[in-house]
Amino acid sequence: MKVMLRQTGVALIQVLLITGLILLLVIQISKDARHQVTTAQLWQDRVKAELALNNAQERLLFGLLTQERLQTTDTELTRLWNFHGAPFEPLSADNAKLQVTVQDMAGLASLTYSTDLVSKLMLAEGYSLSEAQEAIDLLEDWQGLQAKRNSRGPIQFRQELDFIKAGLSDVLSEELTTYHPVSYFNPGTAPNPLLALMLTDDSLDSVLERRQKGTITARELMVNLTPSIDDEVSDYPSEMLRLTLSSQVGETQLERSFMVRLQPEKSDPIIFLSE
């Protein structure tokens, strides 16, 4: 009897061990299945986000080539867009959340033509008057603006700024300055930090509020700011633009940023430029 009880106990333990192993295997299989489902969903979301991003890019470029670069009620895109870098959200498909910014290069401080505005930027970043003037002289010498023999010509890459003066690329950020050849300044497409350098505190608040509401025109900004600008000015966005697009589906978010020069009358209507 004792032997039978002992054998029964051993069998019970074996059954429990086998049951436990089976449960562990089932749990692992369930975890693997959930992981595979999650991975598949992430890939599906990524594909949808990529498709939405490509679609938004094509719609934006087509709109820029075929519509006046003004805010109008002609289409959904022209009603929403702006050219001073404020984000807007065009409609999208596949439950993708889209956000787009368009920055006119004519609205940024030109490293070639806007020396007064570039100097103000340096002062705002902590340069002294003498340091700012020294940096301006180095910029002009490098580009041959003072007809010196050792000039290297127009700036081709932003990294050149650090060869001109260490740390200069951090002070003259790509969000506020450009080395691309735009021969006029457009106050209407200047980003808010640049407007702050050209307006008094009292008028700045009013201008920013009206800009956010869409009740101030580029022409009004040009008229108000022209006395404080040494450059040639225009209120029409240039053909050189920085485009930034982002799309989000679920937890997947993609972003793309690039620069273009528009020339719709030519066989190559869009030229992609380096940053």
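The values are calculated or read from the model by the stated rules, or taken from the named source; none is laboratory data. Note that the structure is predicted; figures quoted are calculated from it, not measured. Counting neighbours? That spans all protein chains shown, and the Cβs are built from the backbone with ideal geometry, glycine included.
Tabulated data for the structure shown
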read-out: Residue ranges of strands (runs of 3 or more DSSP E) in the range 156-275 with at least 1 members at pLDDT 85 or above and in contact with an Asp or Glu (Cβ under 6 Å, 6 or more places away or on another chain); value: 240-249, 252-262
read-out: Lone unmet requirement of (1) of a type outside the set (Lys, Arg); (2) more than 26 Å from Leu208 (Cα to Cα); (3) not in a helix (DSSP H, G or I) for Ala132; value: (3)
read-out: Cβ pairs under 8 Å, 6+ apart, first in the range 261-275 and under 19 Å from Pro237 (Cα atoms) and in contact (Cβ under 8 Å) with a residue 60 or more places away in the chain, second of a type in the set (Val, Ile, Thr) and outside any strand (DSSP E or B); value: Pro264/Thr66
read-out: In the range 62-78, the residues that are loosely packed, with under 14 Cβ neighbours inside 10 Å, farther than 20 Å from Pro187 by Cα and free of Cβ contacts under 8 Å to residues at least 40 places away in the same chain; value: Phe62, Thr73, Asp74, Thr75, Glu76
read-out: Candidate set: the range 179-213, residues that are closer than 18 Å to Leu139 by Cα and in contact with a strand residue (DSSP E or B) (Cβ under 6 Å, 6 or more places away or on another chain); chosen: the one surrounded by the fewest Cβ atoms within 10 Å (Cβ to Cβ); value: His180
